[in-house]
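The values are calculated or read from the model by the stated rules, or taken from the named source; none is laboratory data. All of these numbers come straight from a predicted model, not from anything done at the bench. Methodologically, a virtual Cβ is constructed for each residue, glycine included, from the backbone with ideal geometry; neighbour enumeration extends over all protein chains shown.
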Amino acid sequence: MRPPFDPTLYLVTDTALAGPRGVPDVVRAAVAGGVTAVQVRDKTASCRQLYALALSVKEVLAGTGVALFVNDDVEVALMAGADGVHVGQDDLPAAEVRGRIGPDRLLGLSTGSDDELAGALALPPGTVDVVGIGPVWTTPTKPDAGTGLGPEGVAALAARAAAGGLRTVAIGGIDVERAPLVTGVDGICVVSAICAAEDPAAAARALREGTR
C-alpha cells in the first residue's frame, strides 16, 4: 500500500539556498508552517551525499505524516526508505521506475507540455501518482525548465490530468504573491520561496494562506 500523500504545499529542497542553516532545519521549520510534502533535491551532491541528506530529512519528517520524495535517484530513494521518487522527462522512463520501486512507493513525474502530459496519461493506471506541471513562470532555480506556461496554461494541463485520474502540483516561480493566481491544481510546489526565506515557517504559512 502506498503511503498517504498530501500535495497541498510541496517543498523541493535546495542546499545552496538553505545556506548555513542546513536543509534539515529549513524542512523542520517549513513543516511547522504547513508544508505537506518534501522532495530532497541536490543536483551537485554525490550519491553518498544525497543519501545522507535524504536520511537527515527523513529523520526530521518522522511522525509528521509528511511524505518524503527523492529527486531523480531511484537507488538513493530505495536505500533511504523514502516514500517516493520524482523523475523528469530526461530521467529514467516512469514505467521503468515504477517497476524498480514496486507498488508501495509514490512516483512523481515532471510535465511541461501537452505531449509530455499525454505521455503520462498513456501509462498504465497507477504508474504515476502525481505530475508536476510547469514552469508556471520562468525561474532561476531551474533555468533549463523552459518557458513559463502561465497560470492559464497550467490550469488547462491540470484539468486534462485530473480527467485522467492524476493529481497535480504546479511548480516554477511561485511565491507568496503569485500563489493565489495558480488554480486548478491539487497543490503548489516551491523551492526558493521557502528555502531562501528568512523565516521558512512564516513563508510556509503565508503560502498556505494564499492557496485557500
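Hey, could you check the range 1-22 for residues that are free of Cβ contacts under 8 Å to residues at least 40 places away in the same chain and under 15 Å from Ala193 (Cα atoms) and say which is surrounded by the most Cβ atoms within 10 Å (Cβ to Cβ)?
To start, the set of residues in the range 1-22 that are free of Cβ contacts under 8 Å to residues at least 40 places away in the same chain comprises 15-16, 19-22.
Now narrow it down to the ones that are under 15 Å from Ala193 (Cα atoms): 15-16, 19.
On the way: Thr15: 19, Ala16: 11, Gly19: 12.
Per the criteria, the residue is Thr15.
Could you please tell me which pairs satisfy a Cβ distance under 9 Å, a separation of 6+ or placement on different chains, a first residue in the range 143-159 that is modelled with pLDDT of 95 or more, and a second residue that is buried (at least 19 other Cβ atoms within 10 Å of the Cβ) and of a type in the set (S, T, N, Q)?
The qualifying pairs are Val154/Thr168; Leu157/Thr111; Leu157/Thr168; Ala158/Thr168.
Conditions (1) in contact with a Leu (Cβ under 9 Å, 6 or more places away or on another chain); (2) among the β-branched types (Val, Ile, Thr); (3) more than 26 Å from Ala118 (Cβ to Cβ), marked per residue:
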{"residue": "Gly153", "(1), (2), (3)": "no, no, no"}
{"residue": "Glu177", "(1), (2), (3)": "no, no, yes"}
{"residue": "Val182", "(1), (2), (3)": "no, yes, no"}
{"residue": "Val190", "(1), (2), (3)": "yes, yes, yes"}
{"residue": "Ala193", "(1), (2), (3)": "yes, no, yes"}
{"residue": "Leu207", "(1), (2), (3)": "yes, no, yes"}
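Here are some conditions: (1) within 17 Å of the chain's Cα centre (by Cα); (2) surrounded by fewer than 17 Cβ atoms within 10 Å (Cβ to Cβ); (3) among the polar types (S, T, N, Q). Asn71 meets all but one. Which one does it not meet?
For Asn71, the exception is condition (2).
Give me the residue from the range 156-186 that is buried (at least 19 other Cβ atoms within 10 Å of the Cβ) and among the small types (Gly, Ala, Ser) and, out of that set, nearest to Pro124 (Cα to Cα).
Among those that are buried (at least 19 other Cβ atoms within 10 Å of the Cβ) and among the small types (Gly, Ala, Ser), it is Ala161.
On the given criteria, is Gly134 closer than 15 Å to Cys189 by Cβ and buried (at least 23 other Cβ atoms within 10 Å of the Cβ)?
Against the criterion (closer than 15 Å to Cys189 by Cβ and buried (at least 23 other Cβ atoms within 10 Å of the Cβ)), Gly134 qualifies.
Step by step: first the residues of the range 34-64, then only those that are within 17 Å of the chain's Cα centre (by Cα) and over 30 Å from Glu209 (Cα atoms), then the one that is surrounded by the most Cβ atoms within 10 Å (Cβ to Cβ). Which residue is that?
Here the answer is Leu50.
Output the residues belonging to the range 86-128 that are in a loop (DSSP other than H, G, I, E, B) and buried (at least 17 other Cβ atoms within 10 Å of the Cβ).
Of everything in the range 86-128, those that are in a loop (DSSP other than H, G, I, E, B) and buried (at least 17 other Cβ atoms within 10 Å of the Cβ) turn out to be Gly88, Asp91, Arg105, Gly112, Leu123, Thr127, Val128.
Within the range 186-212, how many residues are modelled with pLDDT of 95 or more and either farther than 12 Å from Tyr10 by Cα or of a type outside the set (A, V, I, L, M) (or both)?
Matching residues across the range 186-212 total 15.
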